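Quick notes on the structure that follows.
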There are 2 protein chains.
Amino acid sequence: MDPIAELITTYFELNGSTIDELDGSGIEPSPLDFMRYVARNTPFVVRRGAASWPAVRNWSVPFLRNALAEHVVNVAVTPNGYADAPTPGPEGKIVFAKPWEENQLFTDFLDCVTQQEKNQLDATAETRYAQTQNDNLRHEYASVFSDVHKDIPFARIALQRSPEAINLWIGNSHSVTAMHRDNYENIYVQVLGRKHFVLLPSLCQPCVNEQPLEQYSYVRADDNFQLVPETADGGAQGHDGDDGTVPFALWDPDVPLKNETPYSTLAEPMRVTLDPGDMLYLPAMWYAASRVVQFSRRQYLTVH
Amino acid sequence: MDPIAELITTYFELNGSTIDELDGSGIEPSPLDFMRYVARNTPFVVRRGAASWPAVRNWSVPFLRNALAEHVVNVAVTPNGYADAPTPGPEGKIVFAKPWEENQLFTDFLDCVTQQEKNQLDATAETRYAQTQNDNLRHEYASVFSDVHKDIPFARIALQRSPEAINLWIGNSHSVTAMHRDNYENIYVQVLGRKHFVLLPSLCQPCVNEQPLEQYSYVRADDNFQLVPETADGGAQGHDGDDGTVPFALWDPDVPLKNETPYSTLAEPMRVTLDPGDMLYLPAMWYAASRVVQFSRRQYLTVH
């Protein structure tokens, strides 16, 4: 048997693909509990683990509109909701498409996001997603930071470090996060709405059809968007190739017969849907894709 | 660059090859401290971590002779000290040589081990090593088990299980443990004498020249030993191949230009010498070889 196929098959025989669920009604895992999952590089979800956070209890569109009334925020704009995702480029080949970034009054941004969800914008409208990953909840959104815990004690104690970045992401169901992976440990907290995750362990690398993609960015041009190549020194992603490309998965477990590799059929994705207050531990180097599955009162927010 | 070479080189750039030393004078690591090392699959040594154990404080040849006076123990016998090691077989090819096993009065065994060390036996004398790995300290040597801690609390709490096996090994400087690996977490405690370990992480597999070796056993024949093939169903090793062979490392980091692979030169072995009372955490799947480097009062014992 092909040793790569045997490795992947054996992994799923031994580990299954069902995520461990801890009942977190007021009780978080201990640092040692958490470290056992880190040691096994295995995700878990803590149902209601953040249920007591003021953000989970209090946030709503009117609340945020009021709290961030005068704020200008950075917004990622795409014609289709696919930011930082593989996209057909100008010459038909698949490229890595970064969003167009705009600064916008937070209240205007909130109107765009909620109106699109309510179908008050026409179907071709651009998609807006507040998705900066530069520790925005301690900077751009600092005025609402006090509504979330300043760190996750079980993770801080176990890993012996404070979070490098705390990010707030706000979008609607048109925003999709393509399958990707990061080289840091991640605790994701759902604040409003429901989000569905599809997860694969890092040893599924042979399944996901990672290809070196040239980096392009959307640029607003009149009423449209153009994809233009990044300049050679423009890429800030840590894992860029020397040639400016970025390795990115083309296979989507939810579209399994497109862009598949001979190993894709062996992957058994772990799936989990988060409700408000749920916490997800996403281990370093796991692949994750996510999409919104349901709105609560036409509003959708995530705190990460 | 060859990706395997890059992996090995990067590992040692990031991790170095110096073992972490905790000063354990009365203080063991916490379960969380330990779990961090398990998560990183990284060895550490706790100097004097077992210094307070009655075995470390009290054991000596006279003490054990008295405590185990009437006991019969299982002893591994080889003509050269290499038990469970690659050895030239009858037709010149390298085979995996298992020792001849004998039951012997413990006091007679102790005489053989100490007299060989004192050069009171001729140079061609066989080597005896009490090295059963069947939880012998809770069975064969149960009468002295009370002199060691019944488990290692930081490991039991972190791993949520009691030790599967607690083994006592007794030998002299003629016994060598060839480079091998086990698929379980291991805490090694030195009781008497000094032992030197050479360790390699599991990703050095391409460096150690693992080959499928046919399994042979020493059989006593008159005044000599013969190596005879194992019967097909005789092998009890868990990782035997279907054909009865066992994969075993042929490269020895201390003889680096013999049996090397193109990757051997990239390996940076971690070396540590244990004194009585020292504890070593040897992570699952690490390669380890060990040899005695010094005797305390012409006696040598290890508790594992």
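The values are calculated or read from the model by the stated rules, or taken from the named source; none is laboratory data. This one's a predicted model, so the numbers in the text were calculated from it and none came from an experiment. Cβ sites come from the backbone with ideal geometry, for glycine too, and all protein chains shown count toward neighbours.
Annotations
- Test set (1) under 22 Å from A:Met270 (Cβ atoms); (2) out of contact with any Asp or Glu (no Cβ under 7 Å at 6 or more places or on another chain); (3) in contact (Cβ under 8 Å) with a residue 24 or more places away in the chain - A:Arg48 fails condition number: (2)
- Among the candidates A:Arg156, A:Arg161, residue that is exposed (fewer than 13 other Cβ atoms within 10 Å of the Cβ), of a type outside the set (Val, Ile, Thr) and within 14 Å of another protein chain (Cβ to nearest Cβ): A:Arg161
- B:Pro54 touching a residue at least 60 places away in the same chain (Cβ under 8 Å) and farther than 25 Å from B:Thr273 by Cα: no
- Lone qualifier among B:Ile94, B:Ile152 - being among the aliphatic types (A, V, I, L, M) and under 30 Å from B:Leu32 (Cα atoms): B:Ile152
- Options A:Gly89, A:Gly81: the member that is surrounded by 17 or more Cβ atoms within 10 Å (Cβ to Cβ), under 21 Å from A:Thr127 (Cα atoms), away from every other protein chain (no Cβ under 14 Å) and more than 21 Å from the chain's Cα centre (by Cα): A:Gly89
- Of everything listed in (1) touching a residue at least 40 places away in the same chain (Cβ under 8 Å); (2) more than 30 Å from B:Asp33 (Cβ to Cβ), the single unmet condition for A:Pro29 is (2).
- In the set (1) surrounded by fewer than 18 Cβ atoms within 10 Å (Cβ to Cβ); (2) in contact with an Asp or Glu (Cβ under 8 Å, 6 or more places away or on another chain); (3) not in a loop (DSSP other than H, G, I, E, B), A:Ala5 fails one condition alone, (2).
- Any chance B:Arg36 is crowded, with 20+ Cβ neighbours inside 10 Å and free of Cβ contacts under 8 Å to residues at least 12 places away in the same chain: yes
- Considering only residues in segment B:8-37 that are part of a loop (DSSP other than H, G, I, E, B) and within 14 Å of another protein chain (Cβ to nearest Cβ), the one that is farthest from the chain's Cα centre (by Cα) turns out to be B:Ser30.
- Selection count, segment A:157-188, where residues are part of a strand (DSSP E or B) and under 26 Å from A:Ala267 (Cα atoms): 9
- Screening the candidates A:Ala69, A:Ala97 for the property of being exposed (fewer than 14 other Cβ atoms within 10 Å of the Cβ) and touching a Ser or Thr at 6+ places or on another chain (Cβ under 8 Å) yields one hit, A:Ala69.
- Qualifying residue in segment B:47-61 (condition: touching a strand residue (DSSP E or B) at 6+ places or on another chain (Cβ under 6 Å), modelled with pLDDT under 90, within 17 Å of B:Gly171 (Cα to Cα) and more than 14 Å from every other protein chain (Cβ to nearest Cβ)): yes
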